[in-house]
1. Tell me, what is a quarter of the convex hull surface for the C-alpha atoms of chain A, in nm² with one decimal?
2. For region B:24-102 and region A:42-61, what is the separation of their C-alpha centers, rounded to whole Å?
3. For residue A:61, what charge total do you get from the other residues with a beta carbon under 11 Å from its beta carbon, if Lys and Arg give +1 and Asp and Glu give -1?
4. For chain A, modelled as a GNM with alpha-carbon contacts under 10 angstrom, which of A:55, A:22, A:166 fluctuates the most?
5. May I ask for the net charge around residue A:155, where only other residues with Cβ less than 10 Å from the Cβ of residue A:155 are counted and Lys, Arg are +1 while Asp, Glu are -1?
6. In square nanometres, what is one fourth of the surface area of the convex hull spanned by the alpha carbons of region C:143-216?
7. For chain A, what does the helix formula give at 222 nm: sum of -39500 (n - 2.57) over DSSP H segments with n ≥ 4, over the residue count, nearest 500 deg cm²/dmol?
8. Would you look at the GNM of chain A, springs on alpha carbons closer than 10 Å, and say which of A:79, A:119, A:139 moves the most?
Amino acid sequence: MNGIHDMGGMHGFGAVVVEKDEPVFHARWEGVVRALMNRTAGRYYHLDEFRHAIERMPPAEYIEAGYYERWLYALEELLVDTSLAQRGEDGPRPAVHARFAPGDRVRTRNLNPKGHTRLPRYVRGKRGVVRTVSGPFLLPDKNAHGVREWQPCYAVEFSARELWGEGAGERDRVCVDLWEAYLEEDE
Amino acid sequence: MSVERAVADLEGLPRKNGELVFNAPWEGHAFGMAVALSERGAFAWDDFRERLGDEIGRADREYYASWLAAFERVLLERGLLSQAEVTARADEYRTLRRDPVF
Amino acid sequence: MSHSHGDHEHHHAGGHQPEAPGDLEARALALQSLLVEKGILEPADVDRIIAAYEHDIGPMIGAHVVARAWNDTEYRRRLLADAPAAVRELGYQYPSSTHLVVLENRPGVHNLVVCTLCSCYPWAVLGLPPTWYKSAPYRSRAVSEPRAVLKEFGLELPEDTVVNVWDSSSDLRYMVLPERPAGTEGWSDEELAAIVSRDCMIGVALPRVPGAVAAR
């Protein structure tokens, strides 16, 4: 979904603020939320579902909320008033044929799904080069909605200028992990 | 006073990669005791910190030697322990008349 | 590591004769036992506080891995080829749920790690991420203006250095292997690990030799 969480390239958030000697948890409840998630993830929901639950937060709340507040929201979504059915095993990774190889020129598809996706807006419809092939991993777009489909995942390299135009560093690059469903051959 | 604030407020705590470093278990215990008692309101953290700064300036020694001295001073000044009982108990440990495992 | 207050390392190795505690240790023990006896201190409090700090050793694992790779070219090769296996080789656990890729900084190439969509992070080697890594400013800007972000961290790279930003996905996690700084020849793994900070392994800092800082 084209949500507020898809932040790559957005303006207006200001400088990165670094907290000196930051504690692991700012309050005890943060640790509790972390522990709750560790205990339930994988058993009752997949992390793709967890991420998608966070993405569904109302945008204004998402921006206002701290990191562990978002987690708490997702845990409530996933655990409260549900049947808490245990998930089945993902099963062994099947052998999946990879359509692309390192060095292949690819173009990202211009997908705008309403559900979960790991194709950020800033790389849609862009030209890049496959650097490495990994996986297969479950396609998040389907897995977040309860359907398992294994796909190869590629580290695709884009020039900063392809993504951000003339103002970007001439030789700088951005590498993004993209599932095969997001890509097509670039002639 | 939370642990987080207590530690964040201190300059010079031995750290490695942002994590605290204890060269021996007793250093960890000295650290934990001071923070725990301050959390419980046995003394004000600022009182401890002031004495710590004082002890660090007093002699060139390892950080937790100063820490321990400052902690001891706060306890004695607040009347939580007496000098006599601390010295007597430390002697028992030093001379193995008391088992260090408890 | 220094043990100037008496060395208790081999305390139990020989068996029956325990070594007497050093002066400082005896005093610490005295305080703790008296405070517990008087009901002023709960032993569990002390353990909790120590554990909170001691067990969050995340970045130490990454730093150890980096130091080993600097000192051992064969290990470095294995690390770049199969990072989870190389991490396990040093005695650490690496979970099977995510894959780890180590990115090698080279002369003229600098790597930087971000997750724009959520906050994917190589927590198995670096511990829990700092708040800034999870913040909107970092997530939005690291991909579009990495040099400006690095400058805010005090890192100004030469114009001709290529900045390679890695936007992590859910299943793959990235960690940066920084370049070994000059002046560290002959250093042990432990000495080297001490100068490899978490920030170096995210790519927002470079390892610095302590003595060289004064020359700044």
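Any read-out appearing in this document is the output of simple, stated calculations on the displayed coordinates, not a laboratory observation. Since the structure is predicted, the reported quantities are computational estimates derived from the model, not experimental observations. Counting neighbours? That spans all protein chains shown, and the Cβs are built from the backbone with ideal geometry, glycine included.
1. Values: hull surface 53.1 nm².
Result: a mean projected hull area of 13.3 nm².
2. 47 Å
3. Working: positive: A:56, A:70; negative: A:64, A:69.
It works out to a net charge of 0.
4. The residue with the greatest mean-square fluctuation here is A:22.
5. Working: positive: A:131; negative: A:157, A:177, C:167.
Every neighbour counted, the sum reads -2.
6. Working: hull surface 25.6 nm².
The number I arrive at for region C:143-216 is 6.4 nm².
7. Working: 6 runs with 50 residues, N = 187.
For chain A, the value works out to -7500 deg cm²/dmol.
8. It is A:79.
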